[in-house]
Amino acid sequence: MKNKNKKKWYILFTVPLLIIFTTVVIIPFLIGIYYSFFEWDGIAANAKEFVGFDNFVELAGDERFRESAWLTILFTVLSVITINAIGLAFALLVTSKIKSANAARTMLFMPYLIGGLILGYIWQFVFLDVFTLLGEVTGLDQIFFNWLVDPEFALFGLVFVFTWQMAGYIMIIYIAGLQGIPNDVIEASKIDGASPWQRFMRITLPLLMPALTISLFLTLSSAFKIYDVNLSLTGGGPANATELFAMNIYNEIFGSGNYGLGQAKAIVFFLIVAAITLTQVYITKKREVEM
Amino acid sequence: MSRTLDFLKAALLIVLALFFLSPIYIIIVNSFKDRQELYDNPLTLPDSFSFQYYVEAMDKMNFLSAFGNSLYITIVSVVLIVILSSMTAWMLVRTDDKLSMVIFMVFIATMLIPFQTLMMPLMQFMSTLTNTLNIPMYNTLEGLIFMNIGFHSSLSVFLYHGFIKSIPITLEEAATIDGASKFGVFWRIIFPMLKPITATVMILNVISIWNDFLLPSLTLIDTDLRTIPLSTFYFFGEFTIQWNLAMAGLTLTIIPVVIFYALAQKHIIKGIGEGAVK
């Protein structure tokens, strides 16, 4: 009697969410694997043709897909470095005993709240007008020009804007990490005569490893999956020079109407994302220092 | 001496932060300028504050309708996510068996799936549900809310799960002996204790649902269902050349975010810090 009752409550508490979750995530995931073995144009009336692993063979030879893979990796590596470096620098600044630290923290976090789509549009104008103006005024038109129309520089523009969006967010995580470092450890090192640089490298940084793990995980996966900023800032252009993974998949499916091939790409995308993030978490977890 | 140095440091930090936010300043000042003024110098303050572009942008973006849709979707989704995922997480933590562990593991594992992997089959499945079973999933705000719950449940369950594990079970046992039902125990005793993590879950989900573009762009077809990111996207496609109008539109979209931030600033920063450490 009591056991039966327990089961009833269990069902009542968990099943509503499980139904929604299964409908939205699990079933589409399974259907997606199935679709990746077919050739189909997405029109319900047209037949799906089973092609086995052909889609996967085709995507391996797809020049544009390989190019976008390379661009995505480059973008991710650059963004992860700049976001974490700037985020950590911000965190160190606003946790020091400077009076305006709180106000600065509030302001630095602001861009993260504005959605990626809108940020991209804002920066389109900054690159178009302000950068050109700065180039004219300062004479440094090798640095200040509209990056977005230059195939070589557009990707850096994307890194730049994405860093602007994420640095404040990552700063918050590093702040939480810094505040978790016990004061007496810092004090002890001061008494022992450690220089600020030694203190940072030998004490602060090792004790920040948990925060670093999380920050790397978040920046890595969000950089790899970037879409919104990509869409509104460059739209993949000029001449596909900034068409990253997520956008390439979207264009293959909904742009070119290659549903099967596009879905096969999406599955490969998932496998890569999973492999990278799991490896990264595994490696940094191992290096965390236990207090 | 050290006083002046402190002051200098404080001032420098603020200048840095202001410089960081300068793109937002640029958008706002230029939304008041006419064409000539804008091209003369995009960095100066406007000669006069005319709101003509705001009126026009509001009209062309259908801003009030988009704002209403965004607000409705975000609030209902977040409330339901909080209710459903806290209840689920509690049961999973307090029922120590294989099934609960497997369910929890599935939630965690799916966090690795990018949205792009699910979007096409999801749309196929949702339109099948709409067409064959007459469940209005596709092209309705409620359908989008349903999908939002599904996509945001993993992270929310994960955060609640971690928090609930740290609550001693003795409190609940005492209440159960007093004859309270599971439902009563959860809502009267447990849920109030979850406040800090509920704040985190709410903030993370509000930010991500409010700003979401791709999912709404795939599910919502009718123009009068558009959310703010959607209407910005279509508006921008049409008026890129008219930058002052475009910037008035962008400023409009930032206003709700700034208000939200001003009201809940402390909770937001605390919530995000805590959410990440978990």
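We did not get these values from a lab; they are worked out from the coordinates using the rules stated. Predicted, not measured: the structure shown is a model, and the values here were computed from it. Glycine also receives a Cβ, built like all others from the backbone with ideal geometry; neighbour counts cover every protein chain displayed.
Using the Cβ-Cβ distance between residue A:202 and residue A:47 with R0 set to 51 Å, the FRET efficiency from 1/(1 + (r/R0)^6) comes to roughly 0.20. Classification of the stretch B:177-278 by its C-alpha gyration tensor yields a prolate form. The axis ratio a/c (a ≥ b ≥ c) is 1.5 or more, and a/b outweighs b/c.
Only Cα pairs under 8 Å and 6+ residues apart enter the sum, and on that basis the relative contact order of chain B stands at 31 percent. Rg and Dmax, both from the Cα atoms of the protein assembly as shown and both in Å, are 25.1, 84.
With a 10 Å cut-off around each Cβ of A:36-45, the average count of Cβ atoms from other chains is 1. Taking label positions 7 Å along the Cα-Cβ direction at both residue B:170 and residue B:11, the computed distance is 5.8 nm, reported to one decimal. If R0 equals 35 Å, the separation of the Cβ atoms of residue B:98 and residue B:134 corresponds to a calculated FRET efficiency of about 0.40. Between A:60, A:178, A:266, the Cα set farthest toward the positive side of the dipole of chain A (charges on each charged residue's Cβ, about the Cα centre) is that of A:178. The string of couplings for the stretch A:264-275 from the Karplus curve (6.51, -1.76, 1.60, θ = phi - 60°) is 4, 4, 5, 5, 4, 4, 4, 4, 5, 4, 4, 4 Hz, one whole number per residue in order, with x for Gly and Pro.
Selection among A:236, A:204, A:223 by position relative to the dipole of the stretch A:161-291 gives A:204 as farthest towards the positive end (Cβ unit charges, Cα centre).
Taking the Cα centre of the stretch A:82-173 as the origin, how large is its charge dipole in debye, to the nearest 20, when only Lys and Arg (+1) and Asp and Glu (-1) carry charge on their Cβ atoms? Each step should come with its number before you reach the end.
Details: 3 positive and 5 negative charges, 142 e Å.
Dipole magnitude for the stretch A:82-173 comes out near 680 debye.
In chain B, the longest principal axis of the Cα atoms and the axis of helix B:141-165 are about 60 degrees apart. Over the stretch A:1-43, with a single point scatterer placed on each C-alpha, what log10 of the ratio I(q)/I(0) does the Debye formula yield at q = 0.29, 0.34 1/Å? Computed log10 I(q)/I(0) values: -0.93, -1.03. Spin-label model, residue A:192/residue B:127: points 7 Å from Cα along the beta carbon direction are separated by 6.5 nm.
Quick one: compute the contact order of chain A, relative version, from alpha carbon pairs under 8 angstrom and 6+ residues apart, as a percent.
RCO, chain A: 28 percent.
Show that you can apply the helix-only estimate: for the protein assembly as shown, add -39,500 (n - 2.57) for every DSSP H stretch of four or more residues, divide by all residues, and state [θ] at 222 nm to the nearest 500.
Working: 27 runs with 405 residues, N = 569.
Helices in the protein assembly as shown give a 222 nm mean residue ellipticity of -23500 deg cm²/dmol.
Could you size up the charge dipole of the stretch A:1-151 around its Cα centre, putting +1 on the beta carbon of Lys and Arg and -1 on that of Asp and Glu, and report it in debye to the nearest 20?
The calculated dipole for the stretch A:1-151 is roughly 1860 debye.
Of A:150, A:184, A:54, the residue with the greatest mean-square motion in the GNM of chain A, using alpha carbon springs below 10 Å, is A:184. For the stretch A:101-191, chymotrypsin sites (Phe, Trp or Tyr not before Pro) meeting the loop criterion (DSSP other than H, G, I, E, B) and having at most 13 other Cβ atoms within 10 Å: none.
Here the Karplus curve 6.51 cos²θ - 1.76 cosθ + 1.60, taken at θ = phi - 60°, turns the phi angles of the stretch B:37-44 into couplings of 4, 4, 7, 5, 7, x, 9, 7 Hz, with x standing for Gly and Pro. Of the trypsin sites (Lys or Arg not before Pro) found in the stretch A:1-107, those in coil by DSSP whose Cβ has at most 10 other Cβ atoms within 10 Å are A:97.
Computed over chain B, the convex hull of the alpha-carbon atoms projects to a mean area of 21.7 nm². Peptide B:108-115 shows a mean partner chain C-beta count of 6 within 10 Å per residue C-beta. Amide H to amide H distances under 5 Å link residue A:38 with A:51, where only residues 5 or more positions off or on other chains count and H is placed in the peptide plane. Taking 7 Å steps out from each Cα toward its Cβ at residue A:22 and residue B:64 produces label points 4.4 nm apart. Dipole of chain B computed with +1 at Lys/Arg Cβ and -1 at Asp/Glu Cβ about the Cα centre; of B:186, B:49, B:150, farthest Cα towards the positive end is B:186.
Based on the reciprocal of the average 1/r between different C-alpha atoms, the Kirkwood radius for chain A equals 22.4 Å. Close amide-amide hydrogen proximity is noted between residue A:115 and no other residue 5 or more places distant or on a separate chain, at a cut-off under 5 Å (H modeled in the peptide plane; Pro and chain starts excluded).
Residue-wise HN-Hα couplings along the stretch B:104-115, as the Karplus relation 6.51 cos²θ - 1.76 cosθ + 1.60 with θ = phi - 60° gives them from phi, are 4, 4, 5, 4, 5, 4, 6, 5, 7, 7, x, 4 Hz; Gly and Pro carry x.
Sort out the exposed loop GluC sites (Glu not before Pro) in chain A (DSSP loop, at most 13 other Cβ within 10 Å) and tell me the longest stretch that has none.
No qualifying site falls inside A:1-151, the longest such stretch.
Counting Cβ atoms of other protein chains within 10 Å of each Cβ in A:94-107 and taking the mean gives 5.
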